Amino acid sequence: MDQRADIPRFDPPPCRENPDGEARRVGVELEMAGIRPHQAAEAVMDTVGGSIETDNAFLTRVSDTSLGEFRVELDADLLKSGQYRKLLSDFGIDIGEGDEREQIESLISRVAGLIVPLELVGPPVPWTELEALDGIRARLHEAGARGTHSSPLYAFGMQLNIEAARLDADYLLAIIRAFLLSYDELIEAERVDLSRRITPYVQPFPEEYVAHVLQSDYDPDLDTLIDDYLRLTPTRNRPLDLLPLFAHLDEERIMNAPVETNLVKPRPAFHYRLPNCLIDEPDWSLATVWNRWIAIEKLADDPERLERLRARRLSRSSALRRWLSHAWRKLRT
């Protein structure tokens, strides 16, 4: 019997290497509940080695693993940065130092964990190492981690930061078009939870932007591609957040734009934010999400099919839909 039969298959991308000729890298982020930070850190250490370092009740690191450093954190900047201590101080509450503060922070961590996700943030790894990351996912599942569907309060997601194979405008536009053309199918396949759909974090691209980039004569250079994004969808809260990649290409342009600059981290990667985190479901794995992304890349790499789908989708983009999209954007700004 094949002992590897139960290991999920990670499809290879059509472009396997980055511009330097190395295997493209992928960063994975998982949001979950149901386990303590130390349990999550142990799942990492048991799979890829390393040592656990606890900064405070809200941030734990697993250093010196075979893949790099992992972070386990409560996904709330107020807690991770320690700003909550100043907030409490403003109300005349001093949580002290030493054991007393550790006990209070542990209590805050437990209460916050009811609604604030525990997030495992992995280092960028070669896509060929995704099986090792899925081994961590399996250990978290065994430890009792809970995902998106386990509570109406859990708007938990999985995020991929996929290194771009190239950084020219033609390649980036093909990926953007392929994603927009795949969006409806992705929503259905991922069963994106209502709790996530109603949050501002993964709102669909406005029809105005979709129609613009799907025009047959749209042939932008990099500056135009970035400017159009900033003009028509100036936010990171999209299922495919392009601001980190654009900031890598032109950091000054992005940091001077009316976007969430404090949250944008420049990197040559597509920030894919759409999927749920179904870590408590036995048939789910990282390969499920990865392979759906690879289907987008395969579409981008197939010009004839991409053109057929582009023309079909653009024919559904009425003037009314674009006007409503424009009006809604103006109301929100």
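Here, each number is a calculation from the coordinates, and none is a lab measurement. Just so it is clear, the structure is predicted and the values come from calculations on it, not from any experiment. Backbone-built Cβ (ideal geometry, glycine too); neighbour counts: all protein chains shown.
Listing for the model above:
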{"item": "At 1.567 mPa s and 4 °C, Stokes D of segment 254-313 from Kirkwood alpha-carbon radius, µm² per second", "result": "87"}
{"item": "Length released on extending from Glu304 to Asp170, taking residue separation times 0.36 nm less the Cα-Cα span", "result": "46.8 nm"}
{"item": "Residues in segment 265-291 that a label on Glu22 would reach, taking backbone N under 16 Å of a point 7 Å out along Cα→Cβ", "result": "267-269"}
{"item": "Burial ordering of Arg36, Arg166, Arg316, Arg177, fewest other beta-carbon atoms within 10 Å first", "result": "Arg316, Arg166, Arg36, Arg177"}
{"item": "Burial ordering of Ser285, Ser63, fewest other beta-carbon atoms within 10 Å first", "result": "Ser63, Ser285"}
{"item": "Estimated FRET transfer efficiency (Asp223, Ala132; beta-carbon r; R0 45 Å; 0.05)", "result": "0.70"}
